[in-house]
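Presented below is the structure to which this report refers.
The values are calculated or read from the model by the stated rules, or taken from the named source; none is laboratory data. Source: prediction; values computed, not measured. Backbone-built Cβ (ideal geometry, glycine too); neighbour counts: all protein chains shown. Heads up: the accessible areas ignore ligands, DNA and RNA and are worked out on the full protein's heavy atoms, side chains in. Shrake-Rupley method; radii C 1.70, N 1.55, O 1.52, S 1.80 Å.
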Amino acid sequence: MRNWSAQSLLWSEEFADHHAGKLSEDTWNFDLGDGSAAGLVGWGNNELEYYTKDSLHIDSDLVITAQRIPEDSGLQCYYGPAQWKSGKIHTAGKIGFKYGRLEIKAKMPSGTGTWPALWLLGANLLDGVAWPHCGEIDILENTGAHPFQVQGTIHGHGYFGENGLTKIIQSPTALSSNFHTYSVNWTPEYIEWFFDDLCYNRINREEVESEGKPWPFNQEFYLIMNLAIGGWFAGAVDEKLESAELHVKSIKYFSIDGVGELILH
């Protein structure tokens, strides 16, 4: 980890402290369904899951469970009876972040077809600025088809989807075998990605703008955590896979060298 001259904790979520086993709705929103109600059928990615509140619980860690479900579950997706249910939460309109260091200690699910993501979206999305113009920072995306793969990405106008600015490294062990810390250091001029203590990627604002592309990362963003199943990024789901779990132990948000703003709504 880079040695910052000053790092101050601004906010944290230690899930072991939630003795009642429930997420605080003062902090977290739940996305529900298959995305159709939000105009994002399959959440914009051809995903298979139907998001439900009961797919999340706290048992020392936050656990997001993806579960294969029977056709008679009563949950209907854009493709017919839902095949999977899972969970997705975010802090939009409740807690925002602008610059600083955001780190998440998590253990990834296993199984081909799983797609866990720890990511940020520009809060101006809530004011009608469409994706990718609002900006997206992926602290981590992983798929069960690539169990050793650590990937951090940004998306903006002119560099989104498969053309996002990204870097991939390989962990020596599967990400589902242990907890790791996934972090970004985010400043007005660059974003750095960390896997535990290793800084493996840095993207500079000047380099992006020198190519005539916008840098939408100088504003408030909100945090999203979810476990998707299938879709274009994750690929086909193992027919033998019945369930998978994403575990999140903690989230910590710091200012670095005095840079970083926690925004409470």
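In this structure, the residue pairs whose Cα-Cα separation is over 25 Å, taken from Lys105/Lys213; Lys88/Lys240; Lys22/Lys98; Lys22/Lys85; Lys88/Lys213, are Lys105/Lys213; Lys22/Lys98; Lys88/Lys213.
Remark on the range 122-265: hydrodynamic radius 16.8 angstrom, per the Kirkwood mean of 1/r across alpha carbon pairs.
Electrostatic bookkeeping for Val237 treats Lys and Arg as +1 and Asp and Glu as -1; over the other residues with beta carbon under 13 Å from its beta carbon, the sum is -3.
Here the sum of -39500 (n - 2.57) over DSSP H runs of 4 or more residues, divided by the residues of the chain, equals -500 deg cm²/dmol at 222 nm, to the nearest 500.
For the range 144-160, backbone phi angles converted through the Karplus equation (6.51, -1.76, 1.60; θ = phi - 60°) give residue-by-residue couplings of x, 6, 10, x, 9, 8, 10, 9, x, 8, 10, 10, x, 4, x, 8, 9 Hz, Gly and Pro being listed as x.
Only one residue of Leu223, Gly35, His18 has its Cα farthest out toward the positive end of the dipole of the chain, where Lys and Arg carry +1 and Asp and Glu -1 on Cβ, and that residue is His18.
Taking amide H as placed 1.01 Å from N in the peptide plane, Ala145 has its amide H under 5 Å from the amide H of Gly113, Thr114, each at least 5 places away in sequence or on another chain. In this structure the range 1-159 gives 42 Å² per residue of accessible area when probed at 1.4 Å with all protein chains present. Seen through its C-alpha gyration tensor, with square-root eigenvalues sorted a ≥ b ≥ c, the range 80-199 comes out oblate because a/c lies at 1.5 or above while a/b is not bigger than b/c. Its Cα gyration tensor gives the chain an equivalent ellipsoid. The semi-axes, each the square root of 5 times an eigenvalue, are 28, 20, 19 Å from largest down. Here the accessible area is traced with a 1.4 Å probe on the protein chains. For the chain, carbon and sulfur cover 49 percent of it. Rounded to the nearest 20, the Cβ-based charge dipole of the chain about its Cα centre (Lys and Arg +1, Asp and Glu -1) stands at 240 debye.
Fraction of C-alpha pairs exceeding 24 angstrom in the range 1-123: 37 percent, rounded to a whole number.
Which of Asn142, Asn178, Asn226 moves the most in a Gaussian network model of the chain with Cα springs under 10 Å? Highest fluctuation of the listed residues: Asn178. Summing charges over all other residues whose Cβ lies under 9 Å from the Cβ of Trp43, with Lys and Arg as +1 and Asp and Glu as -1, gives -3.
Residues whose amide H lies under 5 Å from that of Ile69, counting only those 5 or more places away or on a different chain, are Trp84, Lys85; hydrogens are built 1.01 Å from N in the peptide plane.
Restricting the count to DSSP beta bridges whose residues both fall in the range 88-194, what percent are antiparallel, rounded to a multiple of 5?
Around 100 percent antiparallel, to the nearest 5.
Accessible surface for Ile168 stands near 80 Å², nearest 10, in the context of the full protein assembly shown (1.4 Å probe).
Distance from the alpha carbon centroid of the range 36-104 to that of the range 219-265 works out to 11 angstrom. If R0 is taken as 45 Å, the Cβ-Cβ distance between Asp127 and Glu71 corresponds to a FRET efficiency of 0.70. Karplus-based coupling profile of the range 242-259, in residue order and whole Hz: 10, 7, 7, 9, 9, 9, 10, 8, 7, 10, 10, 10, 10, 7, 10, 6, x, 9, with θ = phi - 60° in 6.51 cos²θ - 1.76 cosθ + 1.60 and x standing for Gly or Pro. Per-residue extension of 0.36 nm, minus the Cα-Cα distance of Asn163 and Glu261, leaves a gain of 32.3 nm for this segment. From the Kirkwood radius over Cα pairs of the range 49-121, Stokes-Einstein at 37 °C and 0.692 mPa s returns a whole-number translational diffusion coefficient of 227 µm²/s. Using the Karplus relation 6.51 cos²θ - 1.76 cosθ + 1.60 with θ = phi - 60°, the per-residue 3J(HN,Hα) values for the range 109-121 come to x, 10, x, 5, x, 7, 8, x, 8, 10, 7, 10, 10 Hz, with x marking Gly and Pro.
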